[in-house]
Amino acid sequence: MDIDPLARAVAQGDRRALARAITLIESGRDDHRAQAVALLEALKDTGREALRIGLSGTPGVGKSSFIEAFGLMLIARGLRVAVLAVDPSSARSGGSILGDKTRMEQLSRAPEAFIRPSPAQSQLGGVARRTRESVALCEAAGFDVVLIETVGVGQSETAVAEMSDLFALLLAPAGGDELQGVKRGIMEIADLILVNKADGALREAAVRTCADYAGALRLLRKRPEDPEDFPKALTVSAHTGDGLESAWTEMQALADWRRETGHFAARRAEQAAAWFAAEVREGLLARLTRDAETRARMEAMTARVRAGEVTPEGAAAEILAAL
Ligand code: GDP
């Protein structure tokens, strides 16, 4: 395939081309991989910068409702919004978040929006890698905001935070005084905690929960590079729209601050360096298992290690030297 026409169409913001480009990126075929790499190279100098917002929350807190309402609000402000997902459970369940067509019904119909379900892969690393590349494509396609959604399980928040400029954690109002078992690690990477469902009978509980989290955030280590009052907790309602404007204002304020202090670019540079290392690591691992000759050498060496003919260290050194 000639990559140039596809690259041009993506750069023009053509959503069908973007969808095709992402399909190319998600492909496991070697020739597709080479094309995907060429595509990313071709699109790296568009000079466009989206705000990449990571969003996490356990099932039921209202992620799809929030993204729908928040996305529509951004579109009403003249922005183009892309929504991607990292869902490590999709491989197991066969389904995926965002796969359900009824989610974000209005947003998915808006011409200014682009919604893509989580790629089905068995490994979080694989899902994260594809999503990260999709983020770059959405940015090249001129989307102003890229929302990267994940369910609140395991390592996926970290993976999403590592491809985002900002990270928001969505919570529901708690019944009692418990902090909903939110792991400290997740609190530490959150720039904003959004307590959703602050409406009707749940409003009071949402306000209380928000105050609890604001207190908990104050106890965490401060980030000297951010404004004093971050990370922050806010109440929102995906149903009434309350707080959505404030959430956007806070996100922009933090992003602007980081841009002015240079931390925005520094964070992206760090991420790029980490991805480079990860790509090399994964590429090497793939060669160990995919290249027939290397695999045969590995198997032979494993047998010798098992038989005690060679130490594991010596065997590894020999394999690495041969690569
Ligand atoms: P997700 O699993 O995190 O994507 O959550 P959903 O968006 O599917 O929402 C789960 C449930 O919470 C649904 O019944 C929604 O109607 C409800 N919900 C979502 N947002 C709000 C909100 O702002 N207020 C209230 N009262 N309910 C909400």
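The values are calculated or read from the model by the stated rules, or taken from the named source; none is laboratory data. Remember, predicted model here, so these are calculated numbers, not experimental data. All Cβ positions, even for glycine, are placed from backbone atoms using ideal geometry, and neighbour counts span all protein chains on display. Accessible surface is based on the protein model in full, side chains and every heavy atom, while ligands, DNA and RNA are left aside. Shrake-Rupley method; radii C 1.70, N 1.55, O 1.52, S 1.80 Å.
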(message) To test your reading of the geometry: what angle, between 0 and 90 degrees and rounded to tens, separates the Cα axis of helix 30-42 from the longest principal axis of the chain?
(response) 50
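Starting from the Kirkwood radius over alpha-carbon pairs of the chain, derive D by Stokes-Einstein at 10 °C in a medium of 1.306 mPa s and give it in µm² s⁻¹. Present the calculation step by step, with values, prior to reporting the outcome.
Working: Rh = 21.3 Å.
Calculated translational D: 75 µm²/s.
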(request) Could you pull out the trypsin sites (Lys or Arg not before Pro) across region 180-229 that fall in loop regions by DSSP (anything but H, G, I, E, B) with no more than 15 other Cβ atoms inside 10 Å? (result) LYS183, ARG221, LYS222
(request) Find the accessible area per residue for the chain; the probe is 1.4 Å, ligands and nucleic acids are left out, and the unit is Å². (result) 49
(request) Enter the angle in degrees (range 0 to 90, nearest 10) between the Cα long axis of helix 15-26 and the first principal axis of the Cα atoms of the chain, meaning the one along which they spread out most. (result) 40
(message) Out of the total accessible area of the chain (probe 1.4 Å, heavy atoms of protein only), what percent is carbon and sulfur?
(response) 54
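Just to make sure I understand: if all protein chains stay in place, what is the order of ASP242, ASP199, ASP45, ASP226 by accessible area at 1.4 Å, largest first? If you can, show how the numbers build up before the last one.
On the way: ASP242 85, ASP199 35, ASP45 120, ASP226 10 Å².
Solvent-accessible surface, decreasing: ASP45, ASP242, ASP199, ASP226.
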(message) Mean-square fluctuation check for the chain, GNM, Cα pairs under 10 Å: which of ALA205, ALA272, ALA307 is largest?
(response) ALA307
(message) If I fit a long axis through the Cα atoms of helix 292-306 and take the longest principal axis of the Cα atoms of the chain, what angle between them do I get, 0 to 90°, rounded to 10?
(response) 80
(message) Just to be sure I understand: with springs between alpha-carbon atoms less than 10 Å apart, which residue in SER108, SER27, SER118 has the highest mean-square fluctuation in the Gaussian network model of the chain?
(response) SER27
(message) What whole-number distance in Å separates the alpha-carbon centres of region 212-247 and region 18-47?
(response) 36
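Which FRET efficiency value, to the nearest 0.05, is calculated for ASP226 and ARG20 with the Förster distance at 45 angstrom and r the Cβ-Cβ distance?
On the way: r = 38 Å, r/R0 = 0.86.
That gives a FRET efficiency of 0.70.
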(request) Can you check what the net charge comes to around PRO111, using other residues whose Cβ is under 13 Å from the Cβ of PRO111 (Lys, Arg +1; Asp, Glu -1)? (result) +2
(request) Per DSSP H run of n ≥ 4, the term is -39500 (n - 2.57); total these for the chain, divide by its residue number, and report the mean residue ellipticity at 222 nm rounded to 500 deg cm²/dmol. (result) -17000 deg cm²/dmol
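With viscosity set to 1.306 mPa s and temperature to 10 °C, compute the Stokes-Einstein D of region 274-322, Rh being the Kirkwood radius across alpha carbon pairs; µm²/s, no decimals.
Working: Rh = 11.6 Å.
In µm²/s, the coefficient rounds to 137.
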(message) Once you place label points 7 Å from the Cα toward the Cβ at ALA110 and ALA76, how far apart are they in nm?
(response) 0.9
(request) Could you check which residue among ALA21, ALA296, ALA34 shows the biggest mean-square fluctuation in a GNM of the chain with a 10 Å Cα cutoff? (result) ALA296
(request) Evaluate the distance, in nm, between pseudo-label points positioned 7 Å from the Cα of VAL37 and of THR289 along their respective Cα→Cβ axes. (result) 1.9
(message) At 7 Å along Cα-to-Cβ for each site, give me the label-to-label distance between GLU49 and VAL207 in nm.
(response) 3.9
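Over the chain, what is the percentage of antiparallel beta bridges among all DSSP beta bridges, to the nearest 5?
Values: 0 of 28 bridges.
Antiparallel bridges: around 0 percent, rounded to the nearest 5.
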(request) Could you please report the charge total around ALA7, scoring K, R as +1 and D, E as -1 over all other residues with beta-carbon less than 12 angstrom from its beta-carbon? (result) -2
